[in-house]
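The values are calculated or read from the model by the stated rules, or taken from the named source; none is laboratory data. Quantities reported herein were computed from a predicted structural model and do not represent experimental measurements. Ideal geometry is used to build each Cβ from the backbone, glycine not excepted, and the neighbour counts take in all protein chains shown. To get the accessible areas, we keep the full protein, side chains included, count just its heavy atoms, and leave off ligands, DNA and RNA. Shrake-Rupley method; radii C 1.70, N 1.55, O 1.52, S 1.80 Å.
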Amino acid sequence: MRGAGVLLWPSRVSTLLRRCSVDTGYGVSPSRKQVELMYIITYDILFGQATSLVGDAEKFLLLRKEALQSALAKLLVRKRANHLEDLMALYHIPDVSKPRYVRINTLKLDLKSALHELGKQNKVHMDDMVPDVLVLPPGTDLHNHPLVRNGSIFLQGKASSMVAVALGPKPGWEVLDACSAPGNKTAHLAALMRGEGKIIACELNKERVTRLADTIKLAGADNVKVLHGDFLNLNPEDPSYSKVRAILLDPSCSGSGTAADRLDHLLPSFNTEGLADVAGIHRLTKLAAFQKKALAHALSFPAVEKIVYSTCSIHQIENEDVIKSLLPLAKTLGFQLATPFPRWPRRGLPVIEGAEHLLRTDPVEDKEGFFIALFVRKSIKPSEEPLTSETSTSDANNKVLITRRRKPMNKFLASIPISKVSRIFRLGVWKPTLGKRR
């Protein structure tokens, strides 16, 4: 889930939403559970994408969306806050156990300079796993720091910063960021590509497109083209996408991996597995259905070599189950699971073939729960991938051997466009098995 770009602490969000609710003039039931539900729906309307709000309470609040947004705007003016982050900072309650992570925007600043500037007032050191990520003491407030305000560093968590690195796009590539707002990961892709090549940043929500454009401008990512539209409606056979070599898919999700920073655990019905109630399970099911469609669509782009699927969810239904359902299609199209961050100790749940390739961060151990899956097309000809300092000639020779040993695709499937195979799979007309070949 691509959130509002800030970590929303329960107490301050509760206060903020209560203030917005009062300012809109609508009342809520005295039931504590219904009040909490109204807060969560209001959160989704103001800060999320509100794509699955179909109940009576959701419809009631959606009719008042403009009033809620107006109340939030008035609150910004009243508190003399220029941005949402500034407003949230006023309600800040430091998490004494969670370090402050920042990502260096290498389009504007180098590592040495970042360490020097941040080290003037804080203890700071490099993260031992993720490049260009620095670690500062818990509770460090950098919202008004000059390096944050000019886009030289981003207040981005460690797990979130792992996603673009896992995709690993090369300078000069064409990359598609499927659900890109608010744009932190998009800007990270641009930095990894050294501002070279092209990134198509797709976003459906009009308001979030504005936020995305602001982030890209702040980052100085001139190689990013913002596209206001639905990723699922992009035609993989359109010549505009014929050179796309990598896709980052970070779709809407439950956000349960950041539940400690939201309102979820305040619900009286919240349990240790993070499912609120039957309605919560229904919401997860709908989210998973969308996530499967999005991943199937990503797999259908003919020139794509690498795809990263990521969520900030702890739920199997949004993570391993999504990958498991799409593995047959992925294998048919020549993809296989690869291992991002091989030294990372926490991997996927053992409910799927290849779980050891999946990456999980733990809400307790790592202070946030993310999931990352990396697909790599194994039928890529080595000559199509430029040799870099990370790719040796011997690596290319090994890829030649792998390509020659791979069995050819089923003749029927090879005779139809990749996008049609994807559509057939999504509609359930054809379902390949995971069993061994006889």
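Some points to look at:
- Summary value for segment 286-373: 31 percent relative contact order, contacts being C-alpha pairs under 8 angstrom separated by 6+ residues.
- Ligands, DNA and RNA aside, Met162 has an accessible area near 0 Å² when probed at 1.4 Å.
- The magnitude of the dipole of segment 54-200, with charges of +1 and -1 set on the Cβ of Lys/Arg and Asp/Glu and taken from the Cα centre, is near 380 debye.
- Segment 122-167: trypsin sites (Lys or Arg not before Pro) in DSSP coil with no more than 14 other Cβ atoms inside 10 Å: Lys123
- Packing here is the average count of other Cβ atoms within 10 Å per residue, and on that basis the peptides 101-110, 62-71, highest first, run 101-110, 62-71.
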